[in-house]
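Undergrad: Pasting in a structure now, in structure tokens, and then I'll have a few things to ask.
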Amino acid sequence: MSKPSNSAFSAPKGVPDYVPPASAEFVAVRDGLTRAARLAGYGHIELPIFEDTGLFARGVGESTDVVSKEMYTFADRGDRSVTLRPEGTAGVMRAVIEHGLDRGQLPVKLSYSGPFFRYERPQAGRYRQLQQVGVEAIGVDDPALDAEVIAIADAGFRSLGLDGFRLEITSLGDDTCRPQYRELLQEFLFTLDLDEDTRRRAEINPLRVLDDKRPHIKEMTANAPLMLDHLSEEAKAHFDEVLAHLDALGVPYTINPRMVRGLDYYTKTTFEFVHDGLGAQSGIGGGGRYDGLMEQLGGQALSGIGFGLGVDRTVLALEAEGKAIAGPARCEVFGVPLGDEAKAKLVVIAAQLRAAGIRVDIAYGGRGVKGAMKAADRSGARLALVLGERDLADGVIGVKDLSTGDQRQVPVASVVAEVGSVLAGG
Ligand code: HAM
């Protein structure tokens with residue numbers, strides 16, 4: 001996020017720019033993660049960047065940090081309260097209900113990517129505008145679907161070459177067992193000598209106390225009752241089946257019964273992908289089931305499961321593993337015109353090459369041949385097309401291999417075929 005020092009403006013605090021050449025890696029990661037979802041039949045959904053504030057308050061949960069402290073909320077000119085989306089799941093559910101997708105074939109399988117907004121304290125890997133790739137599978141409560149969603153994320157990360165991460169998983173139970181467990185946990189927590197803030201947290205969201213990283217709290221809660229030991233029979237069978245599917249798929253996991261997610265809608269299967277090369281911001285992706293959410297938002301009582309993968313953090317994780325993905329070179333062919341007439345001709349040749357699907361750039365601005373050749377080298381192109389005045393008269397053009405320096409003259413009329421054949425390795 002380095003900024004030019006003499007610029008009058010800089011991007012808002014905690015908001016990254018993605019500029020070449022690093023932007024190529026960002027695109028490769030986003031597209032790689034999306035591809036994993038496409039391979040499993042998830043269709044693209046493009047959602048509004050802002051929604052009615054109430055959607056997130058009701059969907060994500062008023063007691064979460066995301067809603068209570070981190071939302072970009074403002075009144076529009078019509079005095080409606082709107083919020084820049086802090087996450088994707090609530091918006092997807094709203095759209096599914098609004099467009100009646102839940103009345104068709106189930107599960108509804110959707111994927112999305114784009115920016116989300118959280119007013120967090122910026123640091124490495126924690127931004128106020130963050131990028132996610134997400135999927136949601138709505139309407140079928142089948143443990144095999146939970147495993148599919150998790151396996152897509154796992155495959156997506158691995159397809160990029162990433163392997164230093166682990167999948168943590170647990171079950172948060174459902175309506176039939178969580179309320180009882182919550183009471184049990186509160187009873188336990190209220191016997192402890194907690195500071196006022198922590199006690200308040202125990203009242204509002206006792207599960208969050210189990211995630212407290214302070215050593216003395218960790219020690220006090222070491223023997224706290226855990227949801228996993230108090231699952232209903234049905235929730236336990238569901239969880240066991242998810243794990244059996246993951247075993248069959250060869251997706252490694254660690255059970256973390258103390259996992260706490262930052263969003264309130266989770267039920268049953270809940271998971272996080274954690275990378276140790278990132279320092280404090282170790283979560284490269286997370287998700288889970290949210291079986292009550294659709295009903296909560298005024299729709300049918302349908303189940304759902306999904307994930308959000310952090311594109312920014314995945315890029316950082318790849319860098320930490322020394323596996324930064326080099327994007328493709330900016331262009332494959334670079335035109336070097338010697339004189340205005342040659343430039344006019346090269347502009348036309350470039351358009352013909354582009355029409356044939358070849359990436360081409362040209363030295364503009366009447367640079368000398370030295371400067372133009374330097375630009376050709378910097379462009380990352382494999383071939384330079386060198387066109388001089390004499391060539392024009394002879395109807396030929398120089399095709400120069402920029403790695404070997406070899407150059408040969410070919411007829412202008414066949415340059416598209418020639419270049420195509422060289423690039424194809426012919
Ligand atoms: P989340 O865990 O809040 O889940 O976010 C998912 C991922 O987004 C995180 O694991 C992390 O990689 C990335 N992320 C979150 N906040 C930041 C930040 N400030 N800076 C950089 N990266 C960040 C959700 O958002 C759920 N909607 C996921 C989901 C979909 N659950 C079910 N369906």
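Undergrad: For the stretch 180-200, what are the residues that are among the aromatic types (Phe, Trp, Tyr) and within 14 Å of Thr221 (Cα to Cα)?
TA: At the first step, the residues of the stretch 180-200 found to be among the aromatic types (Phe, Trp, Tyr) are 181, 188, 190.
Residues satisfying the conditions are Phe188, Phe190.
Undergrad: Return yes when Leu302 is more than 18 Å from the chain's Cα centre (by Cα), part of a loop (DSSP other than H, G, I, E, B) and in contact (Cβ under 8 Å) with a residue 12 or more places away in the chain and no when it is not. Walk me through how you get there before you give the answer.
TA: Values: more than 18 Å from the chain's Cα centre (by Cα): yes; part of a loop (DSSP other than H, G, I, E, B): yes; in contact (Cβ under 8 Å) with a residue 12 or more places away in the chain: yes.
Yes.
Undergrad: Same structure again: Take residues that are touching a His at 6+ places or on another chain (Cβ under 7 Å) and either open to solvent by less than 70 Å² (accessible area, probe 1.4 Å) or away from the ligand (no atom under 16 Å from the Cβ) (or both) and tell me which of the strands (runs of 3 or more DSSP E) falling wholly in the stretch 307-425 contain 2 or more.
TA: Passing ranges: none, list empty.
Undergrad: Ok, one more. Could you list, in sequence order, the residues of the stretch 53-88 that are touching a helix residue (DSSP H, G or I) at 6+ places or on another chain (Cβ under 8 Å), open to solvent by 10 Å² or more (accessible area, probe 1.4 Å), polar (S, T, N, Q) and within 16 Å of the ligand (Cβ to nearest atom)?
TA: Ser63, the sole residue that qualifies.
Undergrad: So which helices (runs of 4 or more DSSP H) stay within the stretch 163-245 end to end and still have 2 or more residues that are of a type in the set (A, V, I, L, M, F, W, C) and more than 31 Å from the chain's Cα centre (by Cα)?
TA: Working: elements: 178-190, 196-204, 206-209, 215-220.
Filter on the stretch 163-245 gives 178-190, 215-220.
Undergrad: Return a yes/no flag: does the stretch 280-294 have any residue that is in a loop (DSSP other than H, G, I, E, B), touching a strand residue (DSSP E or B) at 6+ places or on another chain (Cβ under 9 Å), among the basic types (Lys, Arg) and touching a residue at least 24 places away in the same chain (Cβ under 8 Å). Before the answer, list the steps.
TA: Step one: of the stretch 280-294, the residues in a loop (DSSP other than H, G, I, E, B) are 280-282, 290-292.
Applying the additional criterion that residues be touching a strand residue (DSSP E or B) at 6+ places or on another chain (Cβ under 9 Å) yields 280-282, 290-292.
Those left that are additionally among the basic types (Lys, Arg): none.
No, the conditions are met nowhere in the stretch 280-294.
Undergrad: Kindly indicate the residue of the stretch 106-157 that is open to solvent by 30 Å² or more (accessible area, probe 1.4 Å) and small (Gly, Ala, Ser) and also farthest from Tyr42 (Cα to Cα) among those meeting that condition.
TA: Ala124
Here's the yes/no breakdown for (1) among the small types (Gly, Ala, Ser); (2) more than 23 Å from Pro20 (Cβ to Cβ):
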{"site": "Leu338", "(1), (2)": "no, yes"}
{"site": "Ile349", "(1), (2)": "no, yes"}
{"site": "Gly365", "(1), (2)": "yes, no"}
{"site": "Val369", "(1), (2)": "no, yes"}
{"site": "Arg382", "(1), (2)": "no, no"}
{"site": "Val396", "(1), (2)": "no, yes"}
{"site": "Val422", "(1), (2)": "no, yes"}
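Undergrad: Are any residues in the stretch 97-154 in contact with a Pro (Cβ under 7 Å, 6 or more places away or on another chain), among the β-branched types (Val, Ile, Thr) and within 14 Å of the ligand (Cβ to nearest atom), and if so, which ones?
TA: The one that is in contact with a Pro (Cβ under 7 Å, 6 or more places away or on another chain), among the β-branched types (Val, Ile, Thr) and within 14 Å of the ligand (Cβ to nearest atom): Ile138.
A quick yes/no check of all residues on (1) among the aliphatic types (A, V, I, L, M); (2) surrounded by fewer than 18 Cβ atoms within 10 Å (Cβ to Cβ); (3) out of contact with any Ser or Thr (no Cβ under 7 Å at 6 or more places or on another chain):
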{"position": "Phe26", "(1), (2), (3)": "no, no, yes"}
{"position": "Arg30", "(1), (2), (3)": "no, no, no"}
{"position": "Ala37", "(1), (2), (3)": "yes, no, no"}
{"position": "Tyr42", "(1), (2), (3)": "no, no, no"}
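Undergrad: When residues of the stretch 217-265 are filtered for being within 16 Å of the ligand (Cβ to nearest atom), at pLDDT 95 or above and touching a Gly at 6+ places or on another chain (Cβ under 6 Å), how many remain?
TA: So the count comes out to 0.
The values are calculated or read from the model by the stated rules, or taken from the named source; none is laboratory data. Remember, it's a predicted structure, so these values are computed and weren't measured experimentally. Counting neighbours? That spans all protein chains shown, and the Cβs are built from the backbone with ideal geometry, glycine included. In case anyone asks, the SASA skips ligands and DNA or RNA and just uses the protein heavy atoms, side chains included. Shrake-Rupley method; radii C 1.70, N 1.55, O 1.52, S 1.80 Å.
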